[in-house]
1. Might you check whether a residue that is out of contact with any Leu (no Cβ under 7 Å at 6 or more places or on another chain), surrounded by fewer than 14 Cβ atoms within 10 Å (Cβ to Cβ) and part of a helix (DSSP H, G or I) occurs anywhere in region 1-15?
2. State the number of residues belonging to region 58-101 that are polar (S, T, N, Q) and at pLDDT 95 or above.
3. Six or more apart or on different chains, Cβ atoms under 8 Å: show the pairs whose first residue is in region 73-101 and of a type in the set (S, T, N, Q) and whose second is surrounded by 11 or more Cβ atoms within 10 Å (Cβ to Cβ) and in a loop (DSSP other than H, G, I, E, B).
4. Residues of region 16-32 being among the charged types (D, E, K, R), assigned to a helix (DSSP H, G or I) and loosely packed, with under 15 Cβ neighbours inside 10 Å, which ones?
5. Checking residue 59 against (1) over 19 Å from residue 18 (Cα atoms); (2) part of a helix (DSSP H, G or I), only one condition comes out false. Which one?
6. Could you check residue 59 against (1) of a type outside the set (D, E, K, R); (2) surrounded by fewer than 16 Cβ atoms within 10 Å (Cβ to Cβ); (3) on the phi < 0 side of the Ramachandran plot and say which number it fails?
7. Considering only residues that are open to solvent by 60 Å² or more (accessible area, probe 1.4 Å) and at pLDDT below 95, look in region 33-45 and name the one that is nearest to residue 100 (Cα to Cα).
8. Suppose we filter region 69-84 for residues that are assigned to a loop (DSSP other than H, G, I, E, B), out of contact with any Gly (no Cβ under 8 Å at 6 or more places or on another chain) and surrounded by 14 or more Cβ atoms within 10 Å (Cβ to Cβ); how many remain?
Amino acid sequence: MKLTVHPSDLSGNVFAPRSKSVMQRALAAALLAEGTSRIYLPCESDDCIHVGAMIKQLGAKIIDHDDHLEIQGGLNPLGNQLHVGESGLGIRMMTPICALA
């Protein structure tokens with residue numbers, strides 16, 4: 001078999017896999033920040049979904065756009081019970097934040 005390789009130009013974009021731990025930290029920071037935060041290309045793991053639900057319960061407003069989340073921060077709990085699922089980072093990170101409330 002003969003194989004001929006011809007020179008060519010490559011182009012395009014490569015995205016690194018999203019980090020669920022970085023996403024959870026960004027959600028917590030957005031909750032505590034004044035004003036509006038944007039998280040582009042958010043991770044959609046179960047842990048991130050649980051932490052997102054927790055920050056809503058703690059007072060944040062989240063608008064889900066096609067390529068980013070827009071989060072209006074503010075620590076103002078809506079209830080007295082939160083569910084973190086099986087997220088170890090979520091429980092370790094959100095416990096002291098809940099103590100602030």
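1. no
2. Initial filter on region 58-101 (polar (S, T, N, Q)): 72, 76, 80-81, 87, 95.
Among the residues that remain, those that are also at pLDDT 95 or above are: 72.
Final tally of qualifying residues: 1.
3. 76/58; 76/59
4. Pass one, region 16-32, residues among the charged types (D, E, K, R): 18, 20, 25.
If we keep only those that are assigned to a helix (DSSP H, G or I) too, we end up with 20, 25.
Matches in region 16-32: 25 only.
5. Going through the list (1) over 19 Å from residue 18 (Cα atoms); (2) part of a helix (DSSP H, G or I), residue 59 breaks only (2).
6. Failing condition for residue 59: (3).
7. Within region 33-45, the first condition is being open to solvent by 60 Å² or more (accessible area, probe 1.4 Å), and the residues that meet it are 34, 36, 38, 40-41, 44.
Then keep just the ones that are at pLDDT below 95; that gives 34, 40-41, 44.
Numbers: 34: 15, 40: 27, 41: 29, 44: 27 Å.
Only one residue fits best here, namely 34.
8. Total satisfying the criteria: 1.
The values are calculated or read from the model by the stated rules, or taken from the named source; none is laboratory data. Quick caveat, the model's predicted, so the values are computed rather than measured. Glycine gets a Cβ as well: all are built from the backbone with ideal geometry, and neighbour counts include every protein chain shown. Just so you know, the surface numbers come from the protein's heavy atoms only, side chains and all, with ligands and any DNA or RNA stripped out. Shrake-Rupley method; radii C 1.70, N 1.55, O 1.52, S 1.80 Å.
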